[in-house]
Amino acid sequence: MARFKLAVLISGRGSNLQSLIDACADPAYPAEIALVVSNIPDVLGLERAKKAGIPTAVLSHKNFNDRESFEDALDAIIREAEPDLVCLAGFMRILTEGFVRRWPDRLINIHPSLLPAFRGLHTHERVLEAGARFAGCTIHFVRPAMDDGPIIVQAAVPVHAGDDADSLAARVLAEEHKIYPLAVRLIAEGRARVENERVIVDAATPPPGALINPAPGETA
Ligand code: GRF
């Protein structure tokens, strides 16, 4: 059976892209990456794609006078690859409503917080400042508002007493690398669909138990 085709948009390191590349390397995984697009030249993510033999494109937003003309060009490049799904993976450009509406329920994003908390940048610093006991990450369908849209998968991690933004980011990132391939699998297999702006996941078994931080054993 033909595999579900992905276009992945990046701006940098591409560790989430790598998690998708690794997942797609398994012939049993239901998706493959048809194209990687970066708006920044010479980033590590492009190297990762090339090493995996995936076609790449660089489209610098600096070469365009306005957001709309950049997005028109971006849309044309993506469409040539005929993807079933467009995955934002550390793509650091805000997309306009016009672009988002061209990919209804076919555009997903990863955000390093438990949405709808901590939208925007510097999530880990803000989690620490707020004294939250949990942090996490979210894969969601993209809507015009920033970091908004139906949630597909989330992972939660505890905040540790000695954490700084880097140690917390590393703990969250390890989970990002698990949930991006999971979300893509659910969509590719037709097991995650949007109904009334919520994602219904077929056959999702809720994880057992609750996460409590600090752990009750330590405080009793
Ligand atoms: C990740 O933390 C992702 O959640 C955020 O940007 C970062 C990208 O990292 N949107 P990478 O380029 O995938 O390594």
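The values are calculated or read from the model by the stated rules, or taken from the named source; none is laboratory data. Just so we're clear, the structure is a prediction, and the values are computed from it rather than from any experiment. Neighbour counts run over all protein chains shown; Cβ positions are idealised from the backbone, glycine included.
The number of residues in region 174-220 being under 21 Å from Leu6 (Cα atoms) and in a loop (DSSP other than H, G, I, E, B) comes to 3. Taken over region 12-54, residues that are crowded, with 17+ Cβ neighbours inside 10 Å, touching a strand residue (DSSP E or B) at 6+ places or on another chain (Cβ under 6 Å) and in a loop (DSSP other than H, G, I, E, B) amount to 2. Taking the stated definitions as given, is Asp166 under 26 Å from Ala130 (Cβ atoms), in a loop (DSSP other than H, G, I, E, B) and either assigned by TED's automatic domain parsing to the domain that holds Arg126 or modelled with pLDDT of 95 or more (or both)? Considered against the rule, which asks whether it is under 26 Å from Ala130 (Cβ atoms), in a loop (DSSP other than H, G, I, E, B) and either assigned by TED's automatic domain parsing to the domain that holds Arg126 or modelled with pLDDT of 95 or more (or both), Asp166 comes out as no. For region 103-144, a residue qualifies if it is part of a strand (DSSP E or B) and small (Gly, Ala, Ser), and the qualifying residues are Ala135, Gly136. Evaluation of Val127 against the conditions (1) over 30 Å from Ala203 (Cα atoms); (2) out of contact with any strand residue (DSSP E or B) (no Cβ under 6 Å at 6 or more places or on another chain); (3) among the aliphatic types (A, V, I, L, M) shows that the sole unmet condition is (2). Taken over region 168-220, residues that are of a type in the set (Ser, Thr, Tyr) and either within 14 Å of the ligand (Cβ to nearest atom) or in contact with a Lys or Arg (Cβ under 6 Å, 6 or more places away or on another chain) (or both) amount to 1.
In region 88-123, the qualifying residues are those that are closer than 13 Å to Ser11 by Cβ and surrounded by 19 or more Cβ atoms within 10 Å (Cβ to Cβ), and the one that is nearest to the ligand (Cβ to nearest atom) is Gly90. Taking residues in region 197-220 that are at pLDDT below 85 and among the aliphatic types (A, V, I, L, M), and partners anywhere that are surrounded by 10 or more Cβ atoms within 10 Å (Cβ to Cβ) and assigned to a loop (DSSP other than H, G, I, E, B), the pairs with Cβ atoms closer than 7 Å and at least 6 places apart or on different chains are Ala203/Arg191.
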